[in-house]
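Notes follow the structure.
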Amino acid sequence: QVQLVESGGGLVQAGDSLTLSCAASGRSDSRNVMGWFRQAPGNDREIVAAISWSGRKTYYADYVKGRFTNSRDNAKNTVYLQMNSLKPDDTAVYYCAVGRGVGVSLDLIYYEDWGQGTQVTVSS
């Protein structure tokens with residue numbers, strides 16, 4: 001069981017940048033994967049990005065490639081999502097989550113622990 005707390009959301013204009021943080025506490029091991037998900041009004045929850053413990057393996061949804069960047073600081077047990085060139089379509093509640101596994105794509109593992117979410121709103 002891992003407890004997660006997201007922060008960094010807010011209201012920005014199209015083209016601006018924003019960095020989300022997710023601090024984790026509780027059990028951890030080298031098989032932990034940290035994922036970012038989002039859900040906009042009227043839409044299903046979707047995976048945005050994910051990063052392995054080492055940072056050597058990452059996943060990005062097609063609609064954020066080239067704009068969003070994963071990173072993590074294991075000493076602080078924190079993962080970051082740098083979001084650049086934000087668009088109104090990026091408006092959503094963003095959640096971080098923890099999954100565990102090896103040898104599979106990061107969008108295919110089961111994410112079992114979730115944060116409460118942070119709102120990102122991008123105006124035009």
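The values are calculated or read from the model by the stated rules, or taken from the named source; none is laboratory data. Remember, it's a predicted structure, so these values are computed and weren't measured experimentally. Positions of Cβ are backbone-derived with ideal geometry, glycine not excepted, and every protein chain shown enters the neighbour counts. Areas reflect the complete protein model, heavy atoms only, side chains present, ligands, DNA and RNA absent. Shrake-Rupley method; radii C 1.70, N 1.55, O 1.52, S 1.80 Å.
Points worth noting:
- Some residue of the range 71-78 being β-branched (Val, Ile, Thr), assigned to a strand (DSSP E or B), more than 16 Å from Thr91 (Cα to Cα) and at pLDDT below 95: yes
- Number of positions in the range 87-107 that are over 15 Å from the mean Cα position of the chain (by Cα) and assigned to a loop (DSSP other than H, G, I, E, B): 6
- Neighbours by Cβ (under 8 Å, 6+ apart or cross-chain): first from the range 42-71, of a type in the set (Asp, Glu); second part of a strand (DSSP E or B): Glu46/Phe37; Glu46/Arg38; Glu46/Gln39
- Test for Ala40: is it over 14 Å from the mean Cα position of the chain (by Cα), surrounded by fewer than 20 Cβ atoms within 10 Å (Cβ to Cβ), aliphatic (A, V, I, L, M) and at pLDDT 90 or above: yes
One line per residue, one yes/no per condition, for (1) surrounded by fewer than 14 Cβ atoms within 10 Å (Cβ to Cβ); (2) in contact with a Ser or Thr (Cβ under 6 Å, 6 or more places away or on another chain); (3) touching a residue at least 60 places away in the same chain (Cβ under 8 Å):
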{"position": "Lys76", "(1), (2), (3)": "yes, no, no"}
{"position": "Tyr80", "(1), (2), (3)": "no, yes, yes"}
{"position": "Tyr95", "(1), (2), (3)": "no, no, yes"}
{"position": "Val98", "(1), (2), (3)": "no, no, yes"}
{"position": "Ser105", "(1), (2), (3)": "yes, no, no"}
{"position": "Ile109", "(1), (2), (3)": "no, no, yes"}
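- In the range 5-18, the qualifying residues are those that are farther than 11 Å from Val120 by Cβ and in a strand (DSSP E or B), and the one that is most open to solvent (accessible area, probe 1.4 Å) is Gln13.
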